[in-house]
Each structure stands twice: as structure tokens, then as C-alpha cells.
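Read the figures in this text as sums done on the coordinates, not as results from a lab. Quick caveat, the model's predicted, so the values are computed rather than measured. Backbone-built Cβ (ideal geometry, glycine too); neighbour counts: all protein chains shown.
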Protein chains: 2
Amino acid sequence: MLRLSKRVEYGLMALQYLAKSGNVATAREISDAGHIPYELLAKVMQSLKHEGIIDSYQGVRGGYAMLVAPAQINLARVMKALDEDATVTECISPGSVHEQCTLYANCTIKEPMQKLQTRMEESFGKMTIAELL
Amino acid sequence: MLRLSKRVEYGLMALQYLAKSGNVATAREISDAGHIPYELLAKVMQSLKHEGIIDSYQGVRGGYAMLVAPAQINLARVMKALDEDATVTECISPGSVHEQCTLYANCTIKEPMQKLQTRMEESFGKMTIAELL
DNA sequence: CAAAGTAGGACTGATTTGATCGTATTTTAT
DNA sequence: ATAAAATACGATCAAATCAGTCCTACTTTG
């Protein structure tokens with residue numbers, strides 16, 4: 001299917017929102033503005049925080065804010081934070097136990113797939129949050 | 001998840017096989033050589049035929065053969081044949097009824113996603129079956 | 001006319017994803 | 001102090017997707 005997950009979509013919308021507003025915004029505020037399910041967005045924000053893209057403030061008057069300049073955050077990093085696995089084939093997957101792919105020993109397309117992976121990462125590496133503004 | 005489907009993987013392996021052999025091969029032969037589930041491969045071959053990438057011959061001594069030069073077949077075309085939908089977001093999907101995406105009216109990332117789609121299609125458009133040989 | 005193929009519909013099980021719920025923790029304001 | 005507003009996060013449920021399999025038909029060569 002090759003589709004971005006909703007987590008990534010929501011994450012991009014949220015980052016765009018934060019980048020535009022320029023200061024702290026709550027998950028509820030972003031959820032309302034973008035018609036995004038609140039509970040899911042909340043998790044997305046936590047993941048973005050763990051990746052070090054945004055910062056969080058707990059308690060009343062809390063919320064989230066950008067921690068890195070929009071132009072410095074590329075899509076690859078957002079996807080890494082939100083979409084555990086962004087590899088075109090199983091055998092390329094980072095912590096992949098090759099034996100998991102039953103075809104590995106007989107696979108005839110490993111090298112080209114690695115090349116494809118590299119090209120896609122370039123595509124996702126080139127686009128930044130700044131391009132969403 | 002952003003992973004190529006097994007259908008596409010199998011299709012690429014099969015096309016590579018056909019391109020290398022240079023003549024007619026049966027689905028069973030390709031399935032055995034690549035340790036690919038026969039039934040699934042058979043469907044993949046049918047899809048590739050409908051797309052006009054390969055030709056089929058029924059009956060005894062039948063099988064499949066390349067119909068287009070390997071260098072003329074890019075990954076985008078193979079994916080189109082095998083992976084109904086290869087769009088990064090729902091709203092970009094070819095026959096998409098925009099109303100299907102509940103966010104469409106409020107979506108703030110439509111244009112950038114379209115740009116991303118174009119870039120990815122370029123990636124998939126550049127790689128051909130000739131690169132698998 | 002039998003065997004070896006392709007053609008293709010229908011079904012099942014597994015995996016993944018989206019969404020929701022419940023509860024704990026932190027912090028500000030009163 | 002304490003109530004309210006917010007993040008933190010684990011657990012669970014439902015829906016969609018996909019891989020794989022089964023079954024039956026049709027086609028062609030020998």
C-alpha cells in the first residue's frame with residue numbers, strides 16, 4: 001500500500017501548527033484545530049518529544065513547543081519517531097533478524113532493494129517542516 | 001509501515017528471472033526457483049500480464065515471457081500493476097473520493113504531500129528491471 | 001483426450017493500524 | 001492545600017489490509 005501512517009500525518013500537521021504558532025500549544029488545541037483524534041495525537045506528541053523534536057511542559061499552562069528549527073527537521077526524522085519501521089523490505093529493517101525473512105537466503109533482489117531504500121531516504125531527507133509552512 | 005508488498009517483491013523477482021532467462025518460463029518454475037508461494041505468484045503474473053509487461057501462453061508448453069525490454073519497465077509501473085494504491089496519503093489516491101478522507105476539508109498538508117508523492121514517484125520511476133540484473 | 005498450463009473467484013488467518021479507555025503524574029492558580 | 005488542567009503511558013478493541021490457500025474453469029499441445 002505504501003502509505004504514510006496516520007501517526008505521521010498527524011505528526012506533520014502538529015509540527016506545522018507548532019511551527020506556525022511559534023509558542024506553546026496543548027495537544028487539545030492542536031487536536032481541535034486539525035480535527036485529529038485527541039488520544040492518538042497525544043501519543044504522537046509524546047513520540048515526537050522522545051525523538052527530541054519538540055519539548056513538553058506538564059501541568060496547567062503546559063503543552064508542547066518546537067525544540068528544533070523547522071528547516072532542520074526532515075521528514076525522515078519525523079517518520080523515524082512515529083513509524084517504527086520505514087524500510088521497503090523486511091531484510092533491510094534496522095534490528096532485523098535476517099532469518100525472519102524466509103526468503104533471505106534465496107532472495108535475488110537484496111542489493112537493488114537496498115539501493116531503492118537509499119533513494120527513498122533521500123526523498124524523505126530532503127523535505128523539511130519548513131516546506132509545510 | 002511503508003513497506004513494499006509481497007506481491008511487488010515477488011513480481012520483481014519474477015521479472016528478474018524472466019529477463020535473465022530470456023524466454024518462456026512457467027509460474028511453477030519461477031516459484032520453485034525463488035521459493036515463492038505458487039498460488040500467489042500465479043496471481044502476480046496475471047496482474048503483470050494485464051499491465052502489458054509480460055505475455056502469457058496457455059496450455060502445455062505455456063508460461064510467461066517478457067513483452068517489454070527490462071530497461072523500459074520501471075518500478076512505478078510494476079507497483080501500479082501489483083499494488084493497487086501507491087499513494088502517500090488517502091486524498092491523493094487516483095480514484096479517490098475526497099470525502100473519504102474525513103480530514104480533507106481541514107487538512108493543512110495537502111500540497112506538501114502532493115509534492116512528496118511526486119518525488120517518490122520519481123524515485124520509483126528511475127529504477128528499472130534492468131537494474132535488477 | 002489427457003496432461004500441463006494459465007485464469008480467476010472465494011475464503012481464512014495473521015498482522016498492522018487506528019482509535020479508545022483508564023489511571024498516574026506534574027504543575028499552576030486559587 | 002487542593003482542585004483543575006495538562007502530559008505520560010500501558011492496555012485493549014475494532015477495522016482494514018495482506019499473505020496465503022483452495023477450488024474450479026478454461027486453453028493448448030502432444
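Descriptive notes on the structure:
- Cβ-vector label at 7 Å, A:Met1, separations to other copies in nm: 0.9
- Listed residues A:Ile53, B:Ala69, A:Leu82: farthest to the positive end of the dipole of the protein assembly as shown (Cβ charges): B:Ala69
- Inter-copy label distances at A:Asn23, shortest first and taken from points set 7 Å along Cα to Cβ: 7.8 nm.
- For the range A:18-65 versus the range B:42-66, the gap between their alpha-carbon centres in whole angstrom: 52 Å
- GNM top mover of B:Ile109, B:Ile92, B:Ile53 - chain B, alpha-carbon springs below 10 Å: B:Ile109
- Cα-centred dipole magnitude for the protein assembly as shown, charges only on beta-carbon of K, R (+1) and D, E (-1), debye, nearest 20: 220 debye
- Spin-label model distance (nm) - B:Asn23 vs A:Leu67, 7 Å beyond Cα toward Cβ: 6.3 nm
- Inter-copy label distances for A:Lys110: 4.5 nm (label point placed 7 Å from Cα along Cα→Cβ; shortest first).
- Of the cross-linked pairs A:Lys126/B:Lys6; A:Lys115/B:Lys6; A:Lys80/B:Lys115; A:Lys126/B:Lys110, those separated by over 23 Å at the C-alpha level are A:Lys126/B:Lys6.
- The calculated FRET efficiency for the pair B:Lys49 and A:Thr118, based on their C-beta separation and a Förster distance of 30 Å, comes to about 0.45.
- Ranked packing of A:115-121, A:2-8, A:37-43, most packed first, by mean Cβ within 10 Å: A:2-8, A:115-121, A:37-43
- Per-residue HN-Hα couplings for the range A:70-80 [Karplus 6.51, -1.76, 1.60; θ = phi - 60°; Hz; x = Gly/Pro]: x, 6, 8, 9, 9, 4, 4, 5, 4, 5, 4
- Simple Cβ-charge dipole of the range B:6-132, Lys/Arg +1 and Asp/Glu -1, about Cα centre, in debye nearest 20: 280 debye
- In summary, the aspartates and glutamates within cross-link reach of A:Lys20, defined as a Cα separation below 12 angstrom excluding same-chain residues under 8 places away, comprise A:Glu131.
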